[in-house]
Amino acid sequence: MTSLPLPVIQGLQVATVAIGAPGVSGFIAWFEARLQGRRGPRIVQPYFDLVKLFGKESLKPTGAGPFFRFAPIASFACYLTVPMLIPVLTSYALPLGYMGDILGGGLILAFASFLVAVGAAETGDSYAQLASSRAKTFAAITEPVMLLVFFTVALITTTDLPYVLAATVRSGPDQIVRPAHLLASAALFMVIVYETARIPVETHTGTIEFGMIETGRTFEYSGPDLALLHWGSAAKQLVLYIILLNVFVAPWGLAAGTSPTEVGLAIPAILVKAALLGCAVAVLDNSYAKLRLFKITEFVAAALLLAILAVFTLYLGGG
(Lines give C-alpha, C1' and ligand atoms only; values in the text may rest on other atoms or scores of the structure.)
Protein backbone atom coordinates (compact mmCIF):
# COMPACT_ATOMS: atom_id res chain seq x y z
CA MET A 1 0.00 0.00 0.00
CA THR A 2 1.23 3.49 -0.78
CA SER A 3 2.50 5.34 2.25
CA LEU A 4 3.16 9.02 2.76
CA PRO A 5 6.65 10.15 3.81
CA LEU A 6 6.79 11.29 7.41
CA PRO A 7 7.94 14.83 6.53
CA VAL A 8 4.90 15.15 4.25
CA ILE A 9 2.58 14.07 7.07
CA GLN A 10 4.23 16.61 9.35
CA GLY A 11 3.64 19.28 6.75
CA LEU A 12 -0.01 18.19 6.56
CA GLN A 13 -0.31 18.73 10.33
CA VAL A 14 0.81 22.33 9.96
CA ALA A 15 -1.40 22.83 6.89
CA THR A 16 -4.42 21.38 8.73
CA VAL A 17 -4.03 23.94 11.51
CA ALA A 18 -3.28 26.84 9.17
CA ILE A 19 -6.10 26.15 6.70
CA GLY A 20 -8.66 24.69 9.09
CA ALA A 21 -8.38 27.23 11.91
CA PRO A 22 -10.42 30.02 10.23
CA GLY A 23 -13.10 27.49 9.30
CA VAL A 24 -13.40 26.25 12.89
CA SER A 25 -13.64 29.84 14.13
CA GLY A 26 -16.27 30.60 11.50
CA PHE A 27 -18.35 27.58 12.49
CA ILE A 28 -18.22 28.56 16.17
CA ALA A 29 -19.27 32.13 15.33
CA TRP A 30 -22.14 30.80 13.20
CA PHE A 31 -23.25 28.41 15.96
CA GLU A 32 -23.06 31.14 18.60
CA ALA A 33 -25.22 33.41 16.46
CA ARG A 34 -27.83 30.67 16.17
CA LEU A 35 -27.82 30.28 19.95
CA GLN A 36 -28.63 33.98 20.23
CA GLY A 37 -31.41 33.79 17.64
CA ARG A 38 -29.41 35.61 14.96
CA ARG A 39 -28.63 34.54 11.42
CA GLY A 40 -24.96 35.22 11.95
CA PRO A 41 -22.06 35.27 9.48
CA ARG A 42 -21.27 32.56 6.98
CA ILE A 43 -19.04 29.74 8.19
CA VAL A 44 -16.47 30.69 5.55
CA GLN A 45 -16.59 34.40 6.43
CA PRO A 46 -13.16 34.37 8.16
CA TYR A 47 -11.57 33.29 4.88
CA PHE A 48 -13.16 36.22 3.03
CA ASP A 49 -12.02 38.59 5.78
CA LEU A 50 -8.44 37.35 5.47
CA VAL A 51 -8.46 37.75 1.69
CA LYS A 52 -9.80 41.28 2.04
CA LEU A 53 -7.19 42.26 4.65
CA PHE A 54 -4.32 40.80 2.64
CA GLY A 55 -5.40 43.01 -0.25
CA LYS A 56 -5.16 46.21 1.79
CA GLU A 57 -2.19 48.34 2.78
CA SER A 58 -0.44 48.02 6.14
CA LEU A 59 -0.10 51.31 7.99
CA LYS A 60 2.42 51.99 10.74
CA PRO A 61 1.71 54.44 13.58
CA THR A 62 4.07 57.36 13.97
CA GLY A 63 6.84 56.49 16.40
CA ALA A 64 6.33 52.70 16.27
CA GLY A 65 9.56 50.73 15.99
CA PRO A 66 10.41 47.82 13.68
CA PHE A 67 9.05 45.36 16.25
CA PHE A 68 5.55 46.57 15.39
CA ARG A 69 5.79 44.95 11.95
CA PHE A 70 7.82 41.98 13.17
CA ALA A 71 5.39 40.84 15.89
CA PRO A 72 2.52 39.59 13.63
CA ILE A 73 4.89 37.53 11.45
CA ALA A 74 6.86 36.06 14.35
CA SER A 75 3.77 35.23 16.42
CA PHE A 76 2.09 33.54 13.45
CA ALA A 77 5.25 31.47 12.90
CA CYS A 78 5.17 30.44 16.56
CA TYR A 79 1.57 29.26 16.30
CA LEU A 80 2.44 27.10 13.30
CA THR A 81 5.50 25.64 15.04
CA VAL A 82 3.52 23.96 17.80
CA PRO A 83 1.63 21.56 15.43
CA MET A 84 5.01 19.98 14.66
CA LEU A 85 5.34 18.91 18.30
CA ILE A 86 1.86 17.62 19.15
CA PRO A 87 -0.34 14.80 17.79
CA VAL A 88 -2.58 16.52 15.26
CA LEU A 89 -3.14 13.71 12.75
CA THR A 90 -1.07 10.72 13.90
CA SER A 91 -0.82 8.63 17.05
CA TYR A 92 2.90 8.11 16.46
CA ALA A 93 5.61 10.73 16.74
CA LEU A 94 6.77 12.41 13.54
CA PRO A 95 10.41 13.42 12.82
CA LEU A 96 10.18 16.66 14.80
CA GLY A 97 7.81 15.28 17.41
CA TYR A 98 10.61 14.64 19.89
CA MET A 99 12.34 17.96 19.24
CA GLY A 100 10.19 19.59 21.90
CA ASP A 101 7.97 18.40 24.71
CA ILE A 102 4.58 19.71 25.81
CA LEU A 103 6.32 22.26 28.02
CA GLY A 104 8.21 23.57 25.00
CA GLY A 105 4.94 23.93 23.09
CA GLY A 106 3.46 25.93 25.97
CA LEU A 107 6.51 28.20 26.08
CA ILE A 108 6.23 28.83 22.32
CA LEU A 109 2.59 29.85 22.72
CA ALA A 110 3.48 32.11 25.64
CA PHE A 111 6.29 33.68 23.59
CA ALA A 112 3.88 34.39 20.73
CA SER A 113 1.51 36.13 23.16
CA PHE A 114 4.45 38.15 24.49
CA LEU A 115 5.37 39.26 20.96
CA VAL A 116 1.83 40.47 20.26
CA ALA A 117 1.77 42.34 23.59
CA VAL A 118 5.09 44.07 22.89
CA GLY A 119 3.98 44.97 19.38
CA ALA A 120 0.81 46.53 20.79
CA ALA A 121 2.79 48.46 23.41
CA GLU A 122 4.99 49.98 20.68
CA THR A 123 2.03 51.70 19.04
CA GLY A 124 1.66 54.30 21.76
CA ASP A 125 -2.12 53.89 21.63
CA SER A 126 -3.62 53.99 25.11
CA TYR A 127 -6.23 51.29 24.47
CA ALA A 128 -3.73 48.93 22.85
CA GLN A 129 -1.31 49.40 25.73
CA LEU A 130 -4.11 48.89 28.24
CA ALA A 131 -5.18 45.63 26.59
CA SER A 132 -1.56 44.48 26.43
CA SER A 133 -1.08 45.23 30.13
CA ARG A 134 -4.26 43.33 31.01
CA ALA A 135 -3.20 40.32 28.96
CA LYS A 136 0.18 40.08 30.68
CA THR A 137 -1.39 40.60 34.13
CA PHE A 138 -3.69 37.62 33.71
CA ALA A 139 -0.94 35.61 31.99
CA ALA A 140 1.02 35.82 35.24
CA ILE A 141 -1.56 33.36 36.62
CA THR A 142 -2.47 31.31 33.56
CA GLU A 143 1.12 30.44 32.64
CA PRO A 144 1.84 28.84 36.06
CA VAL A 145 -1.38 26.85 35.57
CA MET A 146 -0.01 25.47 32.30
CA LEU A 147 3.27 24.60 34.02
CA LEU A 148 1.48 22.74 36.82
CA VAL A 149 -0.70 20.88 34.32
CA PHE A 150 2.39 19.78 32.40
CA PHE A 151 4.09 18.85 35.67
CA THR A 152 1.12 16.65 36.55
CA VAL A 153 1.34 15.04 33.11
CA ALA A 154 5.03 14.33 33.66
CA LEU A 155 4.28 12.68 37.01
CA ILE A 156 1.55 10.49 35.53
CA THR A 157 3.41 9.32 32.42
CA THR A 158 7.04 9.74 33.66
CA THR A 159 7.62 11.94 30.61
CA ASP A 160 6.36 15.24 29.25
CA LEU A 161 6.03 14.16 25.63
CA PRO A 162 2.47 14.73 24.34
CA TYR A 163 2.50 11.55 22.22
CA VAL A 164 3.22 9.44 25.33
CA LEU A 165 0.39 11.02 27.31
CA ALA A 166 -2.04 10.48 24.43
CA ALA A 167 -0.99 6.82 24.27
CA THR A 168 -1.51 6.53 28.04
CA VAL A 169 -5.04 7.93 27.76
CA ARG A 170 -5.84 5.57 24.88
CA SER A 171 -4.63 2.54 26.87
CA GLY A 172 -7.87 2.31 28.84
CA PRO A 173 -10.85 4.24 30.22
CA ASP A 174 -9.42 4.06 33.73
CA GLN A 175 -6.69 6.45 32.61
CA ILE A 176 -9.24 9.16 31.79
CA VAL A 177 -11.22 9.01 35.05
CA ARG A 178 -8.22 9.08 37.39
CA PRO A 179 -8.70 12.11 39.70
CA ALA A 180 -5.37 13.79 38.92
CA HIS A 181 -6.01 13.58 35.18
CA LEU A 182 -9.53 14.99 35.52
CA LEU A 183 -8.33 17.90 37.66
CA ALA A 184 -5.49 18.71 35.28
CA SER A 185 -7.84 18.52 32.27
CA ALA A 186 -10.35 20.83 33.98
CA ALA A 187 -7.60 23.34 34.78
CA LEU A 188 -6.38 23.26 31.17
CA PHE A 189 -9.95 23.72 29.89
CA MET A 190 -10.39 26.83 32.06
CA VAL A 191 -7.13 28.26 30.74
CA ILE A 192 -8.27 27.59 27.17
CA VAL A 193 -11.55 29.37 27.86
CA TYR A 194 -9.58 32.42 28.96
CA GLU A 195 -6.92 32.23 26.24
CA THR A 196 -9.57 32.08 23.50
CA ALA A 197 -11.26 35.21 24.91
CA ARG A 198 -14.56 33.59 25.83
CA ILE A 199 -15.05 35.28 29.22
CA PRO A 200 -14.55 39.04 28.69
CA VAL A 201 -16.79 41.77 30.02
CA GLU A 202 -18.83 42.01 26.82
CA THR A 203 -18.17 39.41 24.11
CA HIS A 204 -15.05 37.87 22.63
CA THR A 205 -15.49 40.15 19.63
CA GLY A 206 -16.59 43.21 21.61
CA THR A 207 -15.10 46.67 21.15
CA ILE A 208 -15.97 48.17 24.52
CA GLU A 209 -12.70 49.73 25.63
CA PHE A 210 -13.16 49.07 29.34
CA GLY A 211 -13.44 45.33 28.86
CA MET A 212 -11.46 44.40 25.76
CA ILE A 213 -8.31 42.35 26.02
CA GLU A 214 -7.73 40.30 22.87
CA THR A 215 -9.23 42.76 20.40
CA GLY A 216 -7.55 45.76 22.01
CA ARG A 217 -4.03 44.56 21.20
CA THR A 218 -4.73 44.75 17.45
CA PHE A 219 -6.17 48.29 17.47
CA GLU A 220 -3.40 49.94 15.46
CA TYR A 221 -2.82 47.13 12.97
CA SER A 222 -4.21 47.05 9.45
CA GLY A 223 -3.89 45.20 6.17
CA PRO A 224 -1.74 42.02 6.05
CA ASP A 225 -0.44 42.62 9.58
CA LEU A 226 -3.98 42.55 10.96
CA ALA A 227 -4.76 39.51 8.81
CA LEU A 228 -1.81 37.61 10.31
CA LEU A 229 -2.94 38.52 13.84
CA HIS A 230 -6.50 37.31 13.18
CA TRP A 231 -5.22 34.19 11.43
CA GLY A 232 -2.79 33.55 14.26
CA SER A 233 -5.53 33.96 16.86
CA ALA A 234 -7.63 31.34 15.08
CA ALA A 235 -4.60 29.03 14.79
CA LYS A 236 -3.85 29.47 18.49
CA GLN A 237 -7.43 28.53 19.35
CA LEU A 238 -7.27 25.39 17.22
CA VAL A 239 -3.86 24.40 18.66
CA LEU A 240 -5.18 24.70 22.21
CA TYR A 241 -8.24 22.65 21.29
CA ILE A 242 -6.01 19.98 19.75
CA ILE A 243 -3.86 19.79 22.90
CA LEU A 244 -6.94 19.30 25.06
CA LEU A 245 -8.60 16.82 22.69
CA ASN A 246 -5.74 14.76 21.27
CA VAL A 247 -3.57 14.74 24.39
CA PHE A 248 -5.89 14.92 27.40
CA VAL A 249 -9.52 14.10 26.67
CA ALA A 250 -10.24 12.32 23.37
CA PRO A 251 -7.07 11.12 21.57
CA TRP A 252 -9.02 9.03 19.11
CA GLY A 253 -9.45 9.33 15.36
CA LEU A 254 -5.71 9.68 14.84
CA ALA A 255 -3.96 7.85 12.01
CA ALA A 256 -2.09 4.74 13.20
CA GLY A 257 -0.32 4.26 9.85
CA THR A 258 1.12 6.29 7.01
CA SER A 259 -1.38 5.46 4.27
CA PRO A 260 -3.07 8.41 2.54
CA THR A 261 -6.50 7.07 3.56
CA GLU A 262 -5.72 6.97 7.28
CA VAL A 263 -4.07 10.37 7.27
CA GLY A 264 -6.84 11.82 5.11
CA LEU A 265 -9.55 10.62 7.48
CA ALA A 266 -7.69 12.07 10.45
CA ILE A 267 -7.98 15.60 9.01
CA PRO A 268 -11.81 15.88 9.13
CA ALA A 269 -11.79 13.96 12.42
CA ILE A 270 -9.76 16.58 14.28
CA LEU A 271 -11.64 19.47 12.67
CA VAL A 272 -14.99 17.98 13.66
CA LYS A 273 -13.80 17.34 17.22
CA ALA A 274 -12.50 20.91 17.47
CA ALA A 275 -15.78 22.31 16.12
CA LEU A 276 -17.78 20.29 18.66
CA LEU A 277 -15.55 21.48 21.50
CA GLY A 278 -15.97 25.03 20.26
CA CYS A 279 -19.75 24.60 20.29
CA ALA A 280 -19.60 23.39 23.90
CA VAL A 281 -17.51 26.43 24.84
CA ALA A 282 -19.99 28.71 23.02
CA VAL A 283 -22.88 27.18 24.96
CA LEU A 284 -21.08 27.84 28.25
CA ASP A 285 -20.18 31.33 27.12
CA ASN A 286 -23.81 32.16 26.35
CA SER A 287 -25.28 30.45 29.41
CA TYR A 288 -23.71 32.70 32.04
CA ALA A 289 -23.44 36.42 32.62
CA LYS A 290 -20.19 38.02 31.52
CA LEU A 291 -17.52 38.46 34.15
CA ARG A 292 -16.42 41.83 35.35
CA LEU A 293 -12.81 42.53 34.55
CA PHE A 294 -11.51 42.04 38.07
CA LYS A 295 -13.41 38.74 38.31
CA ILE A 296 -11.29 37.22 35.54
CA THR A 297 -8.42 37.04 38.05
CA GLU A 298 -10.61 34.90 40.30
CA PHE A 299 -11.50 32.67 37.35
CA VAL A 300 -7.90 31.94 36.41
CA ALA A 301 -7.01 31.60 40.09
CA ALA A 302 -9.61 28.81 40.31
CA ALA A 303 -7.83 27.10 37.42
CA LEU A 304 -4.56 27.44 39.33
CA LEU A 305 -6.18 25.82 42.37
CA LEU A 306 -7.37 22.86 40.27
CA ALA A 307 -3.86 22.38 38.89
CA ILE A 308 -2.39 22.44 42.41
CA LEU A 309 -5.01 19.92 43.57
CA ALA A 310 -4.03 17.66 40.67
CA VAL A 311 -0.43 17.61 41.90
CA PHE A 312 -1.43 16.97 45.51
CA THR A 313 -3.84 14.24 44.43
CA LEU A 314 -0.94 12.37 42.86
CA TYR A 315 1.02 12.45 46.10
CA LEU A 316 -2.05 11.40 48.12
CA GLY A 317 -2.60 8.31 46.01
CA GLY A 318 -5.32 9.53 43.65
CA GLY A 319 -3.16 9.53 40.52
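The values are calculated or read from the model by the stated rules, or taken from the named source; none is laboratory data. Quantities reported herein were computed from a predicted structural model and do not represent experimental measurements. Every residue, glycine as well, gets a Cβ built from its backbone with ideal geometry; the counts of neighbours run over all protein chains shown. The area values use the complete protein model at the heavy-atom level, side chains included, leaving out ligands, DNA and RNA. Shrake-Rupley method; radii C 1.70, N 1.55, O 1.52, S 1.80 Å.
Averaging over every viewing direction, what projected area does the convex hull of the Cα atoms of the chain cover, in nm²?
16.6 nm²
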### Message
Among 220-226, 115-121, how do they line up by average Cβ neighbours within 10 Å per residue, starting with the highest?
### Response
115-121, 220-226
### In sequence order, calculated HN-Hα J values of the stretch 153-161 (Karplus, 6.51, -1.76, 1.60; Hz; x Gly/Pro)
4, 5, 5, 6, 9, 6, 7, 10, 7
### Task
Arrange the peptides 103-113, 241-251 so that the one whose residues have, on average, the most other Cβ atoms within 10 Å appears first.
241-251, 103-113
## Note on the structure
The answer for T90, listing residues at least 5 apart or on another chain whose modeled amide H is closer than 5 Å to its amide H, is A255
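Skip the ligands, DNA and RNA, and give the accessible area per residue of the chain with a 1.4 Å probe, whole Å².
Solvent-accessible surface per residue comes out at 44 Å².
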### Message
Below 11 angstrom from the Cβ of S75, what's the summed charge of the other residues (Lys, Arg +1; Asp, Glu -1)?
### Response
+1
### Task
Would you pull out the residues with amide H under 5 Å of S259's amide H, same chain only if 5 or more places away, H placed 1.01 Å from N?
L4
### Task
Calculate, for L155 and V272, the FRET efficiency according to 1/(1 + (r/R0)^6) with r their C-beta to C-beta distance and R0 35 Å; round to the nearest 0.05.
0.65
### Summary
Checking rank on 275-285, 60-70, with mean other Cβ inside 10 Å and highest first, the result is 275-285, 60-70
### Task
Can you tell me the 0 to 90 degree angle between the C-alpha axis of helix 6-35 and the longest principal axis of the chain, rounded to 10?
60 degrees
#### Entry: the chain: calculated mean residue ellipticity at 222 nm from DSSP helix runs of at least 4, using -39500 (n - 2.57)
-22000 deg cm²/dmol
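Please report, as a whole percent, how much of the solvent-accessible surface of the chain comes from carbon and sulfur atoms (probe radius 1.4 Å).
That share works out to 69 percent.
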### Query
Top mean-square fluctuation among S233, S259, S25, Gaussian network model of the chain, C-alpha springs under 10 Å?
S259
### Task
Take K273, K136, K236, K56 and sort them by solvent-accessible surface of the protein heavy atoms, 1.4 Å probe, largest at the top.
K56, K136, K273, K236
